[in-house]
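Nothing in this text is a laboratory measurement; each read-out follows from the coordinates by a stated rule. Note that this is a predicted model, so its numbers are computed, not measured. Methodologically, a virtual Cβ is constructed for each residue, glycine included, from the backbone with ideal geometry; neighbour enumeration extends over all protein chains shown.
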Amino acid sequence: MKERVLTGDRVTGKLHLGHYVGSLKYRVELQDQYETFVLLADVQALTTHFLHPEIIKDNVRNVALDYLAVGIDPEKATIFVQSLIPEIAELTVYYSMFVTVNSLRHNPTIKAESKAGDFDDMYYGFLGYPISQAADITFCKATLIPVGEDQLPHIEQTRKIVRRFNQLYQPVLVEPKPLIGEVPRLIGLDGSHKMSKSLGNAILLDSTKEEVAEKIKKVKTDPARIHKTDPGHPEICPIYAYHQAFRKESSDEIYQSCTKGQIGCMACKQKIAQSINDRLDPMRERRAAYLEHPKRVDEILMAGTENARIMAKETMREVRDAMGMNYF
Ligand code: ATP
Ligand code: MG
């Protein structure tokens, strides 16, 4: 049997370069070897966006288009909508019986995200979203999860849930492992937070060439460099981080030229804007082709969801059998 990959994204906004280097790139590379599942996490989006379900609705198609644009191939990968797989919600309830509130409260990503959201009291659904992710991963028995660094505590939580379930009942669930890429946390344009949909510090994958150039131009570089000949500190410069992520082969050279004051920030920015645009060009082409046939995107999502549902029903049956909850 082929091993399975599962990943997904909250449908809270269009995807950006952070998603690309942290996760999407690997999904495209792995889809030939692995049976690949890609989830549009609309229920998890509700944990922070329950007041604005219209944002979620708009972004289901936006994110699906991003997937197709980066090269996730619907012939190889199952792209599906989380809320249309009721077994995920069902598994979440079952697993929540043996996960303690304290283990969720101490999850470092939950802590960081709740501070950023300035919650004075956490919502139950938000606190529990790592359990819902365990349901996402286990319904299709995924073994490999290509994710950014922030997701590691959640994968660990899933592993614990799997072990606990298998030990309490019968060994029907499979333990996944994370796959962390070369760029586990791409810095945002603000230079202080990870690039993120909700922080407005991102270069979106559907940006035009001009938008990329404009955003790069505005990035604050090393404040110690007033003149081109002043020695720079690439390690604190987001532009250098982008060089490492998108022009790896010449990033040492950039490091040297910057620290020796041989290259100006403008020239350095032009180089990286060009490389990012080169990377986005094939995505622009694929996106344009799908935009001409928007019905095709809906068909892909419906077929993927149907496929995922078959697997979810099967796992749910095994889970209920393992628990002895097959009454009739
Ligand atoms: P939000 O702000 O709505 O939480 P996000 O930009 O953090 O959005 P998610 O949907 O939470 O994106 O993340 C989806 C996947 O992309 C996760 O595996 C996450 O680790 C990865 N990812 C997101 N941002 C980055 C980043 N800047 N660098 C590397 N990986 C990232
Ligand atoms: Mg996030």
Please compute, over every Cα-Cα pair in the chain, the percentage with a separation greater than 36 angstrom. 24
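Given the range 99-187, what count of lysine pairs have C-alpha atoms under 21 Å apart, with each pair 8 or more places apart or on different chains? Can you show the working numbers first?
Details: K111/K160; K141/K160; K141/K177; K160/K177.
Lysine pairs meeting both conditions in the range 99-187 amount to 4.
At a threshold of 8 angstrom on Cα-Cα distance, excluding pairs fewer than six apart, so keeping six or more, what relative contact order does the range 207-287 reach in percent? The partial results should precede the final answer.
Numbers: 80 pairs, mean separation 26.8, N = 81.
Relative contact order of the range 207-287: 33 percent.
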Acute angle (nearest 10 degrees) that the helix 53-70 long axis makes with the longest principal axis of the chain, alpha-carbon atoms: 70
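When the expected Rg is taken as 2.2 N^0.38 Å, what fraction or multiple of it is the alpha-carbon Rg of the range 207-287? Spell out each step's value before the answer.
Details: Rg = 13.0 Å, N = 81, 2.2 N^0.38 = 11.7 Å.
In units of the 2.2 N^0.38 Å rule of thumb, it is 1.11.
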For the range 140-152, 3J(HN,Hα) per residue [Karplus equation, 6.51 cos²θ - 1.76 cosθ + 1.60, θ = phi - 60°, Hz, x = Gly/Pro]: 9, 6, 6, 10, 10, 10, x, 9, x, 4, 4, 8, 4
Quote the FRET efficiency, to the nearest 0.05, computed for E292 versus A267 with a Förster distance R0 of 41 Å and r equal to the Cβ-Cβ distance. 0.60
Just give me a number: lysine pairs in the range 207-287, eight or more positions apart or cross-chain, with C-alpha atoms less than 18 Å apart. 22
What's the angle, to the nearest 10 degrees (0 to 90), between helix 265-291's Cα axis and the longest principal axis of the chain? 40
Against the longest principal axis of the chain, how steep is helix 86-96, in degrees 0 to 90 to the nearest 10, with axes from Cα atoms? 90
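Of all DSSP beta bridges in the chain, what percent run antiparallel (nearest 5)? Mind showing how you got there, number by number?
On the way: 2 of 19 bridges.
Bridges in the chain are about 10 percent antiparallel.
Find the eigenvalues of the gyration tensor of the Cα atoms of the range 1-43, then list the square roots of 5 times those eigenvalues as equivalent ellipsoid semi-axes, largest first, in whole angstrom. The partial results should precede the final answer.
Numbers: eigenvalues 83, 36, 6 Å².
Taking √(5λ) for each eigenvalue gives 20, 13, 5 Å, largest first.
Relative contact order for the chain: what is it in percent, counting Cα pairs under 8 Å that are at least 6 residues apart? Can you show the working numbers first?
Numbers: 504 pairs, mean separation 74.1, N = 328.
The normalised contact order for the chain reaches 23 percent.
Once you sort the root eigenvalues of the Cα gyration tensor of the range 274-328 as a ≥ b ≥ c, which label holds: rounded (a/c under 1.5), prolate (a/b larger than b/c) or oblate (the other case)? All intermediate terms of the calculation are to be shown ahead of the outcome.
Details: a/c = 9.23, a/b = 2.72, b/c = 3.40.
Judged from the Cα gyration tensor, the range 274-328 comes out oblate (a/c at least 1.5, b/c at or above a/b).
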Give me Y26, Y20 sorted ascending by neighbouring Cβ count inside 10 Å, so fewest comes first. Y26, Y20
